[in-house]
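Right, one structure below, let's go through it.
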Amino acid sequence: MKEVGIVNRDIAAAISKQGHGDLLMVVDAGFAIPMGVEVIDISLAENKPMVIEVLAELKKFFSVEKLIMAKQTKDVSPSLFNNISVAFGDKTEVEIIDHSELKKLSREVKTVIRTGDFTAYGNVIIVSGAGPRWKVEKPG
């Protein structure tokens with residue numbers, strides 16, 4: 001029985017399928033998930049779990065290159081925007097696009113993790129990175 005790391009077998013498997021540059025999305029309870037995209041629904045009740053809680057666990061086991069969020073998140077839910085922006089460290093790039101573009105881009109993600117978060121525009125696309133374990137003979 002798995003007792004360490006991410007114990008949710010579907011999330012653990014989804015992370016294992018991610019390669020450099022692949023997209024994973026963590027969304028609020030109301031996000032319209034496109035048909036055909038793998039969904040891992042971990043919502044339990046209103047605000048359980050929260051997007052930021054899921055990101056905190058992902059950070060422990062997942063290399064991230066960039067975060068993509070909607071401009072509306074910054075405008076409507078600035079505290080959440082700020083917390084997500086630094087969830088993987090303050091050097092992680094944050095791209096801001098319109099919510100309609102985020103919805104279009106969500107069709108290209110490998111997996112969506114749906115939370116119970118009721119914070120407006122609480123959605124983030126995570127671009128998988130190559131972590132510090134990769135050896136570089138000559139930095140380019």
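Percent relative contact order of the chain, based on C-alpha pairs within less than 8 angstrom and at least six residues apart?
Relative contact order, the chain: 44 percent.
What the chain shows is 59 Å² of accessible area per residue, with the surface traced by a 1.4 Å probe over protein heavy atoms. This model, with +1 at the C-beta of Lys and Arg and -1 at the C-beta of Asp and Glu, gives the chain a dipole about its Cα centre of some 400 debye.
Note on region 73-140 and region 8-27: Cα centroid distance 13 Å, given to the nearest whole angstrom. Rounded to the nearest 20, the Cβ-based charge dipole of region 1-44 about its Cα centre (Lys and Arg +1, Asp and Glu -1) stands at 140 debye. Classify region 66-140 from the C-alpha gyration tensor, please: rounded if a/c falls under 1.5, else prolate or oblate depending on whether a/b exceeds b/c. The shape class here is prolate. Electrostatic bookkeeping for V54 treats Lys and Arg as +1 and Asp and Glu as -1; over the other residues with beta carbon under 13 Å from its beta carbon, the sum is -2.
Rounded to the nearest whole Hz, the Karplus-based 3J(HN,Hα) values (6.51 cos²θ - 1.76 cosθ + 1.60, θ = phi - 60°) of region 71-79 follow the sequence 4, 5, 4, 4, 6, 9, 10, x, 5, with x at glycine and proline. Between the amide H of K66 and those of V127, distances stay under 5 Å, these residues lying 5 or more places away or on another chain, with hydrogens modeled in the peptide plane. Remark: spin-label model distance V136-A32 equals 4.1 nm, labels positioned 7 Å along the Cα→Cβ axis. Of K66/K138; K60/K104; K2/K66, which sit over 26 Å apart, Cα to Cα? K60/K104; K2/K66, as the Cα separations exceed 26 Å there.
Classify region 1-132 as rounded, prolate or oblate, taking a ≥ b ≥ c as the square roots of the eigenvalues of its Cα gyration tensor: rounded when a/c is under 1.5, otherwise prolate if a/b is larger than b/c and oblate if not.
Taking the square roots of the gyration eigenvalues as a ≥ b ≥ c, region 1-132 is rounded.
For the chain, the share of DSSP beta bridges that are antiparallel, to the nearest 5, is 40%.
Projected label points at E93 and N8, each 7 Å from Cα along the beta carbon direction, are separated by 2.7 nanometres. Note on region 91-140: with neighbouring protein chains present and a 1.4 Å probe, carbon and sulfur make up 51 percent of its accessible heavy-atom surface.
The values are calculated or read from the model by the stated rules, or taken from the named source; none is laboratory data. Given the structure is predicted, the values throughout are model-derived calculations rather than measurements. When we count neighbours, we look across all protein chains shown, and the Cβ atoms used for this are built from the backbone with ideal geometry, even at glycine. In case anyone asks, the SASA skips ligands and DNA or RNA and just uses the protein heavy atoms, side chains included. Shrake-Rupley method; radii C 1.70, N 1.55, O 1.52, S 1.80 Å.
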